[in-house]
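These notes are about the structure you will find just below.
The values are calculated or read from the model by the stated rules, or taken from the named source; none is laboratory data. Note that the coordinates shown come from a computational prediction; the quantities given were computed from them, not determined experimentally. We place every Cβ from the backbone using ideal geometry, glycine too, and count neighbours over all the protein chains shown. When the accessible area is computed, the model is the full protein with side chains, heavy atoms only, and any ligands, DNA or RNA have been set aside. Shrake-Rupley method; radii C 1.70, N 1.55, O 1.52, S 1.80 Å.
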Amino acid sequence: MICYLQFAKNVFQSKLAYRMNVFLSILHRIATLFVEVSIWSAIISQTGEISTEMGMISLKEMVSYAILSTGISIIISSNTILEFEDKIRTGQIAMDLIKPMKFKLYLFFENLGNNLFRIIFELIPVVIVGILCFGIDTPSREYAFFFLIALINGMIIYFILTCILGQLSFWLLTVWHLDKLLNDMLKIFSGRFIPLWFFPKIFIIISAFLPFRLIYFSPMSIYLEKVSKIEIGNILIQQIGWILILFILDTILWKKGINKLVVQGG
Amino acid sequence: MSIIKVKNLSKEFHIRKREDGLVGAFKGMFSNEKIIKKAVNNISFEISKGEIIGYLGPNGAGKSTTIKMLSGILVPSSGLVEIKGLIPYENRIENARNLGVVFGQRTQLWWDIPISESFSLLRHMYKIPTTKYKKNIEMFSEILGISEFYNVAVRQLSLGQRMRADLCASLLHNPEILFLDEPTIGLDVVVKEKIRNFIKEINKSRKTTVILTTHDMEDIEKLASRVIVIDQGSMMYDGKLDRLKNIYGTEEVIEVEIESNIKNFDKLYKMGVKEINHKKNKILIKYNKEYINSATIIGWFMKQGKVNDFLVHGINIDEVIRKMYEKPMKNFM
Amino acid sequence: MESLIIYLKFISIYLKCRLEYRIAFILDILMPIFSYSINYLTISIILNRFSSIRGWDFNQIMFLYTINLFSYGLSGVILYTPMRSLDNLVKNGDFDMFLTKPMNPFLHLINRQFEHIFIGHLILGSIVFFICLGKLNITWSVLKVIWLILVLLGATLIQGAFMIITGSLSFFYTNSTSVASSILNSLRGFIDYPISIYNKGLKILLTFVLPYGFISFYPSKYFLNKSNDEIFHHLFQYATPIVGILLFILSYKIWLLGVNNYKSSGS
């Protein structure tokens, strides 16, 4: 365990060494937040409140939505797919496999170091700027608790998704296309930029069959208290279901990939 | 008439200070402390046309920094560099026309395209006349055998092939001066030999001046007539290779195989031998050439009994340089 | 002139080599087409729900977006990968090689890497451009067409200038390019929508500090006959080519500073 925590610390430390990057990243996050908030202000100031299937949506709620979704994108962003690709293509993965550690756990902790770094140097500044400039709604304690659980589940779903796509490098020459593809799917089906309640019916139906909304939209709708307790239960069950499905898929792919590596030498 | 002139050349680098640990890393985010490192410290030399110079020194001695200043990549902190009367960093492009540079670890060829196409792009870049270009390609194919992989992309070449291609690329425009930074690193014996012969040939036929940095002492022994040794930025030696060997290389080892068993070596020690190791009938004797020579030692053994075989391990330049790093002797400059 | 011939030769060789792996090549080009189609889709979802943003309807925003996409693609095929690779070149000291050649290192760098992926941007940009031109009731004259071409070139220079500046950062700060370019991408997100939706501070930023507004917003105002309700002068809508040239010169100066820094400090 300490060994894995050390990985997290290493990542954290090596990122600190590039201070220019730290400042630029903060800037980058704040910039995207401003764009989103400005767009929603421009739209909603035309009509005041907007009525949707999930009730009336006010500008303040949309602003909170934008801050939250920026926050989630900070926490979950990772290099896992490209890291897999790099390790598999260069054969580095063989070196990692002979070390006495679980590879996925190692990746996870490396990610954790990254995330901690992002939370301190990106999330906190962005949230502070967001609250100071625009203000944010806060949920009741109960909803906040469920939000956190749903958020963590969403992060796990995202992590396993990236592992699955990254592992496809065992068979494909490059997977950066898939990295882009995942981002595109998230852009449209997760509610990252546009809440699903503004979507045409057909998109809502499609997104119900995909795991992406469980990463952004569902946790945020809990935060904004747009769902009932029963619906919260429903969301959590769906999340756990997806985690199980994806985890099984991931395990199968990993076994087959390693097998291919061992049998055919990569 | 010297083609390269270096006088009191120095180069300092400013390095941002970094501290260990998490706290140190945090501190580093906000501090701007710098350390000054002298990479090259007041060196001077001149090189004439047609010489092959071995430029030696341990890792981090300042070899590459010197080469970079000679090629106009780095601006010196102080001192003078002149190549054919031009100051490299002020006339970088003109200087580059007289220069061929090979960095052993890197390639100047285009990664994804066949080397034939790389060559043709270089031909345009250096404005090489067609006849000269064709003649050169022919000659290179003959000596280095590049025609085998002439239409293969660089990323698919083996290290040896890539190195050969890179060497050709740097000589397409018939440069007067060639800088070779570790040209044989990581190569097998056969390719090494090919490359050495090629450098020798080019030097002979074109009077190309070559500066060669390497850790491979065989490169130096086979190619260089003169060596310059540098350590921690300062010049340690400049002169003939043989002289360097004579100064530092006074210790030799002789290996003797005898039939009878000798127990008592006291006499040999008295004659001035430094160290004796023996396993069964094989004896290793270390001695100083200034006090005793191999003939005397063999003579002594022949008096003791039958000598089956013997082998003198001459001075190894590798060892010489290593010794030099251990105890610098500036007075031999 | 001579360097142009070398460059054209290089591109033809590059494409020839790439086309040996036809499927990968096609996938590479389809990827941005797909990705940006999703962006168009996002905009259409919003405008489907709300019909207009600050008086700009769907086709007008498409027009705006497409100038941005097309100019980005055009400068991307030439500059993106060379500038992105600079980070590694400087870190590993491989940039040395560019300084041992009798050629301007900037041109040499461009001559070593081309990026076919951006052909996708250009294809999609052209298609959407023609679709929304048909829907936009702009009366075209020869002069207007020439002006459109000048605007596109000016916008390309602005995009290119930002690529050069972010690339040149690696001469001063290691590992900065990838972060810098992701910032650039998000800044480019600013002009997916008309900058009239932003507050005063952002408008000033996007006009004078990071003049992204000149890529698509100001010139679109001219083509779409938008009244000038902005805080800035109406002549700004004609400034794109000049801003492009000035910014490009500035970026080249920064590049030169970077090279000089490299020459004095090494890698």
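Close amide H contacts of residue B:251 (hydrogens built in the peptide plane, cut-off under 5 Å, sequence separation of 5 or more or a different chain): B:289. Computed with every protein chain present, the accessible area of residue A:172 is close to 80 Å² [probe 1.4 Å]. When all protein chains stay in place and ligands, DNA and RNA are ignored, the 1.4 Å accessible-area order of A:133, C:132, largest first, is A:133, C:132. Note on residue B:97: accessible area approximately 90 square angstrom, rounded to 10, probe 1.4 Å, nucleic acids and ligands left out. Contact with the other protein chains removes 40 Å² or more of accessible area, compared with the isolated chain and a 1.4 Å probe, from these residues of the stretch C:176-221: C:179, C:183, C:186, C:190, C:197.
Backbone amide hydrogens, once placed in the peptide plane, bring residue B:231 within less than 5 Å of B:236, excluding anything fewer than 5 places away on its chain. Backbone phi angles across the stretch B:87-97, fed through the Karplus curve with coefficients 6.51, -1.76 and 1.60 (θ = phi - 60°), yield HN-Hα couplings of 8, x, 6, 8, 10, 4, 5, 4, 4, 4, 5 Hz in residue order; Gly and Pro are listed as x. With θ taken as phi - 60° and the Karplus curve 6.51 cos²θ - 1.76 cosθ + 1.60 applied, the whole-hertz 3J(HN,Hα) list for the stretch C:136-143 is 9, 6, 9, 7, 9, 10, 4, 4 Hz, x standing for glycine and proline. Excluding residues fewer than 8 places away in the same chain, name every one of the lysines whose C-alpha is closer than 16 Å to that of residue B:282. Straight-distance partners of residue B:282: B:263, B:306.
Out of all Cα-Cα pairs in chain B, roughly what percent, to the nearest whole number, are more than 39 Å apart? So the pairs more than 39 Å apart make up 32 percent of the total in chain B.
Of all aspartates and glutamates in the structure, the ones whose alpha carbon falls short of 18 Å from that of residue A:260, not counting any fewer than 8 places away in one chain, are A:85, A:86, A:96, A:250. Within the shell defined by Cβ-Cβ distances under 15 Å, the residues around residue C:101 carry a net charge of +3, with Lys and Arg each +1 and Asp and Glu each -1. Any of A:15/B:17; B:127/C:91; B:7/B:63; B:7/B:38; B:63/C:253; B:222/B:245 with alpha carbons more than 22 Å apart? Name them for me. Checking Cα-Cα distances, B:127/C:91; B:63/C:253 exceed 22 Å.
Neighbours of residue C:48 by Cβ distance under 14 Å: Lys/Arg scored +1, Asp/Glu scored -1, total +1. Of all beta bridges that DSSP places with both ends in chain B, some 70 percent have antiparallel geometry. Residue by residue along B:70-77, Cβ atoms of other protein chains within 10 Å of the local Cβ number 4 on average. Between C:241, C:219, C:102, the residue with the greatest mean-square fluctuation in the GNM of chain C (Cα pairs under 10 Å linked by springs) is C:102. Among the residues of B:55-68, the average count of other protein chain beta-carbon atoms within 10 Å of the residue beta-carbon is 1.
Per the accessible-area calculation with a 1.4 Å probe, the total area buried between chain A and chain C rounds to 3100 Å². Averaging the sequence gap over all C-alpha pairs within less than 8 Å and six or more residues apart, then dividing by the number of residues, gives chain A a relative contact order of 25 percent. Per-residue surface analysis assigns residue A:242 an accessible area of about 60 Å², computed on protein heavy atoms at 1.4 Å probe radius. Over chain A, with every protein chain in place, what whole percent of the accessible area is carbon and sulfur at 1.4 Å, could you tell me? Accessible surface attributable to carbon and sulfur in chain A totals 70 percent. With all protein chains in place and ligands, DNA and RNA left out, the 1.4 Å accessible area ranks B:278, B:14, A:28 as B:14, B:278, A:28, largest first. Once the partner protein chains are put back, the stretch C:44-58 shows a loss of at least 10 square angstrom of accessible area, versus the chain by itself, at C:45, C:46, C:48, C:49, C:50, C:52, C:53, C:54 (probe 1.4 Å, ligands and nucleic acids excluded).
Taking θ as phi - 60° and the Karplus parameters 6.51, -1.76 and 1.60, the scalar couplings of the stretch C:56-71 work out to 9, 8, 4, 5, 5, 5, 4, 4, 4, 5, 6, 4, 4, 4, 5, 5 Hz in sequence order, x denoting glycine and proline.
The value of relative contact order for the stretch C:2-265, using C-alpha pairs under 8 Å at least six residues apart, is 25 percent.
Over 24 Å between Cα atoms: which of A:87/B:194; A:99/B:192; B:207/C:101; B:200/B:240 fall into that group? In this structure, A:87/B:194; A:99/B:192 lie more than 24 Å apart at Cα. With a cut-off of 12 Å between beta carbons, the residues surrounding residue A:75 carry a summed charge of +1, where Lys and Arg count +1 and Asp and Glu -1.
Solvent exposure of the protein assembly as shown, expressed per residue, is 45 Å² of accessible area, with all protein chains present and a 1.4 angstrom probe.
What helices does chain A have that are whole DSSP H segments, at least 24 Å long along their own axis by Cα, and with mean Kyte-Doolittle hydropathy of 0.5 or more? Passing helices, by number: A:19-47, A:59-76, A:141-167, A:229-264. Leaving out ligands, DNA and RNA, and with a 1.4 Å probe, what % of the accessible surface on the stretch B:47-190 is carbon or sulfur? Whole-percent figure for carbon plus sulfur exposure: 50. Residue ranking by accessible heavy-atom surface, 1.4 Å probe, largest first, among A:142, B:251 comes out as A:142, B:251. Check cross-link reach from residue C:203 to the lysines: straight Cα distance under 22 Å, and skip same-chain residues fewer than eight apart. Answer for residue C:203, where 22 Å is the Cα cut-off: C:221, C:226, listed by chain and number.
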